[in-house]
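Read through the structure below, which is laid out as structure tokens, and then see the notes.
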Amino acid sequence: MRKIGIIVIVSVLVIALSSTALVFANYDDIAKEIFGSDAPAIPETPDLKVAYYTETEDYDENEKYDDPFVYDDWDAYFDYLKKNDPNYVSGGEVVDERPGDIVIITAIKEAAKAVNFKTLFDNATKIATDTEKALEKDLKKHNDYVEENTTADWGLYWNDPQYVSYIPTLFLVWDTMYVSWLDNSYSDEEIMSALNTVLSINDGTNGKVVKNADNDYLITFDGVYRDENNKRHHSAVEIIAKADGESGKICMYENETLQDSGNVIYTIYEFVPLGNNAYVFQSSGERLYVIYDEENGVGDYAYIDLKEGAKFGPDDKIYDSGVTDPAAWVRERKDDASIIFTRKDSTLTIERPDKEDVVVDLSTQ
């Protein structure tokens, strides 16, 4: 790997932006290594005329053999090179085909960051959060419109099917606290310390982490499950957590086996980029398809929230299989939905059981 200084040296000669003088000699091979076949020949330092030479204060005649020149006018110096060296090429006419150490190190750090489970989880959370904000904004726009255009009293108005008071909270998956902090840069001791901190919050004990590979973890522990009556059940928990840096997808699959009954509670969380700024999410009770990019924010989306008791299970996993028709995928369990939101081309459609659909023209409200 080349040293940073080589890039600096070549840049000074070729691009002529430096204000510091160095004596250059025999760097032609280095230039060809960096720039390829189009590399300019690196000229020897020319014999400068008196106009380019200035004696420094306390100048010692004997020093001139080590550092004989001080350049006052670098524009004139490089103009001299242009006129006197037929191989002189300006920086804009060559391409650095091999990045310097700074670029390489930065790329390695960014690549490591990109394949980190925690970073990908944070990215998924940001997209889901921004979608939630967009959905709330769309609902508020509709509700404000209804308020301004209704004469019904509050009691009747609240039950009006055209009024939507539902405030969504997308993908608040409590059990992701077991995996959202996973980081390749942690030592085994740090990973265990972090896990034990989470377990202490949830009455869990005997935690273990097996790291099969980067971003491929198996977490096991003894847990406590609270049912709908807040009754405690001791359980054995197994969590598979994976991330893929190339695609940006992540998953968490949790099996919690209740010791007193043998019943298995399954929890799922997945985030899968589909390409072209399209993303899908899945948890035990939710699915989301959204078009999103940093510049334009949230575009079209489709979201389903299942009724109490209805869940997506192991057969619904998409981490490995992906999704071919995301809009249809969101609506696969539409009969089990408590609510479905679909925004497409500035039209928001809201579907709820036993209520009329609400269709909102967002472009006019």
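A compact table of results
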item: Gain upon complete extension [residue 321, residue 216; 0.36 nm per residue less C-alpha separation]; result: 36.1 nm
item: Prolate/oblate/rounded call for region 225-365, Cα gyration tensor, a/c under 1.5 rounded; result: oblate
item: Where labels lie 7 Å past Cα in the beta-carbon direction, separation of residue 231 and residue 141 in nm; result: 4.9 nm
item: Contour minus Cα-Cα distance for residue 336 and residue 103 (0.36 nm per residue); result: 78.7 nm
item: Too-long pairs where the Cα-Cα distance tops 27 Å, listed order kept, from 211/311; 208/307; 141/249; 133/334; 208/317; result: 211/311; 208/307; 141/249
item: Segment residue 246-residue 192, extension gain: residue separation times 0.36 nm, minus the distance between their alpha carbons; result: 16.8 nm
item: Approximate spin-label separation residue 344-residue 274, in nm, with each point projected 7 Å along Cα-to-Cβ; result: 1.1 nm
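No lab work stands behind these numbers, since they all come straight from the coordinates. The structure presented is a predicted model; accordingly, all values stated were derived computationally and were not measured. Glycine gets a Cβ as well: all are built from the backbone with ideal geometry, and neighbour counts include every protein chain shown.
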